[in-house]
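Worksheet: one structure, shown below.
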Amino acid sequence: MKVTQHIENANGKPLFSFEILPPLKGQNIQSIFDSIDPLMEFNPPFIDVTYHREEYEYKELPNGLLQKKIVKKRPGTVGICAGIQNKYNVDAIPHILCGGFTKEDTENLLIDLDFLGIDNVVALRGDALKTETYFHPEKEGNAYASELVTQISNLNKGIYLDEDLKNSAKTNFCIGVAGYPEKHMEAPSLDSDIHFLKQKIKNGADYIITQMFFDNKKFFDFVDKCRAAGITVPIIPGLKPIATKKQLNLIPHRFSIELPDDLIMAVVKAKDNDEVKQIGIEWCVAQSKELVTAGIPVLHYYSMGKAENIKTIAKAVF
């Protein structure tokens with residue numbers, strides 16, 4: 001079932017969903033199931049599965065030369081989605097990236113997902129490689145998420161890259177895209193970011209899921225700006241409880257977002273990470289309850305494979 005259908009069928013009741021990471025190469029899918037099992041009591045209608053593009057490493061050879069090696073540390077998104085749908089009978093939503101894929105690669109991936117009965121995807125540009133300052137698309141690949149949305153939307157219309165195909169089948173993907181309440185780190189302003197977000201909606205996106213934020217006012221202001229710009233699709237807030245002191249510096253640097261002063265000072269004064277974890281849970285519970293009161297249709301949690309925090313929050317909210 002499509003995410004938009006899940007929201008319609010809920011009749012205003014807030015839904016619980018979460019996102020997981022594929023395990024590192026060398027681990028099996030049981031590690032994923034172990035992180036999902038504790039959260040199933042909250043009846044998530046869908047679970048997102050992130051995708052990790054390739055990275056490059058350089059290995060020194062005995063002769064002193066360097067050999068470039070492609071490394072994919074977290075493969076398995078498609079297989080995990082199939083496993084989730086088979087085991088739990090809930091919708092699994094794979095992330096689809098521009099980075100690392102040609103348009104032909106993307107089309108073949110979407111065909112596989114369609115064959116598996118996967119109804120939803122999240123279309124993302126993806127991050128630059130660690131060796132790049134700015135994102136560079138693959139040759140013959142999509143450069144922007146808006147282009148990726150167009151390709152998926154075209155496939156939903158039966159338009160494939162090979163124009164000579166006859167009687168081609170239409171896919172039926174519900175397309176999610178990312179939104180940034182504090183703007184994308186590369187955007188010159190929030191208004192310009194929303195301008196390009198609206199383009200993704202025009203190109204066929206059906207709903208928006210936001211980057212994490214820790215101040216609900218930023219989310220509410222973002223939603224108001226989107227509605228004023230003519231964006232009417234559901235906007236799902238992404239939430240993450242802070243868990244360690246290190247994240248005070250890591251989260252703002254990695255995601256270009258602000259942490260509220262009250263949260264910062266509470267974490268600074270905490271004697272250890274166990275106390276920080278409890279502070280993060282309480283903060284996220286308060287955020288969640290306010291969002292539910294405001295009538296937000298779905299609360300989406302970035303679990304990062306850690307179920308304990310999210311389970312405690314969900315127990316207090318749902």
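The values are calculated or read from the model by the stated rules, or taken from the named source; none is laboratory data. These numbers come from a predicted model, not from an experiment. Here the Cβ is made from the backbone with ideal geometry for all residues, glycine too, and neighbour counts use every protein chain on show. Just the protein is used for accessible areas: all its heavy atoms, side chains included, with ligands, DNA and RNA removed. Shrake-Rupley method; radii C 1.70, N 1.55, O 1.52, S 1.80 Å.
Tabulated values for the structure
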| read-out | value |
| --- | --- |
| Residues of the range 10-28 satisfying the condition of being exposed (fewer than 11 other Cβ atoms within 10 Å of the Cβ) and polar (S, T, N, Q) | 11, 28 |
| Every residue from the range 285-313 that is within 22 Å of residue 95 (Cβ to Cβ) and open to solvent by less than 50 Å² (accessible area, probe 1.4 Å) | 296, 297, 298, 299, 300, 301, 302, 303, 305, 307, 309, 310 |
| Filter result (open to solvent by 50 Å² or more (accessible area, probe 1.4 Å), closer than 16 Å to residue 184 by Cβ and free of Cβ contacts under 8 Å to residues at least 24 places away in the same chain) within the range 235-275 | 253, 254 |
| Options 232, 171: the member that is open to solvent by 60 Å² or more (accessible area, probe 1.4 Å), modelled with pLDDT of 95 or more and either out of contact with any helix residue (DSSP H, G or I) (no Cβ under 7 Å at 6 or more places or on another chain) or part of a loop (DSSP other than H, G, I, E, B) (or both) | 232 |
| Residue under evaluation residue 138, criteria (1) closer than 13 Å to residue 103 by Cα; (2) under 18 Å from the mean Cα position of the chain (by Cα), criterion not met | (2) |
| The range 106-127: number of residues that are more than 16 Å from the chain's Cα centre (by Cα) and under 28 Å from residue 254 (Cα atoms) | 1 |
| Sole residue being hydroxyl-bearing (Ser, Thr, Tyr), touching a strand residue (DSSP E or B) at 6+ places or on another chain (Cβ under 8 Å), in contact (Cβ under 8 Å) with a residue 12 or more places away in the chain and closer than 20 Å to residue 148 by Cα, chosen from 210, 171 | 210 |
| Given (1) surrounded by fewer than 22 Cβ atoms within 10 Å (Cβ to Cβ); (2) modelled with pLDDT of 95 or more; (3) out of contact with any helix residue (DSSP H, G or I) (no Cβ under 6 Å at 6 or more places or on another chain); (4) not in a strand (DSSP E or B), index of the condition residue 74 fails | (2) |
| Any hit, the range 110-127, residues being part of a loop (DSSP other than H, G, I, E, B) and among the aromatic types (Phe, Trp, Tyr) | no |
| Count of the range 121-141 residues which are modelled with pLDDT under 95 and surrounded by 15 or more Cβ atoms within 10 Å (Cβ to Cβ) | 7 |
| Candidates 35, 31, 17, filtered to the one that is touching a His at 6+ places or on another chain (Cβ under 7 Å) and touching a residue at least 60 places away in the same chain (Cβ under 8 Å) | 17 |
| Checking residue 277 against (1) part of a helix (DSSP H, G or I); (2) at pLDDT below 95, the condition it does not meet | (2) |
| Hits in the range 17-43 - residues which are assigned to a helix (DSSP H, G or I) and in contact with a Gly (Cβ under 7 Å, 6 or more places away or on another chain) | 35 |
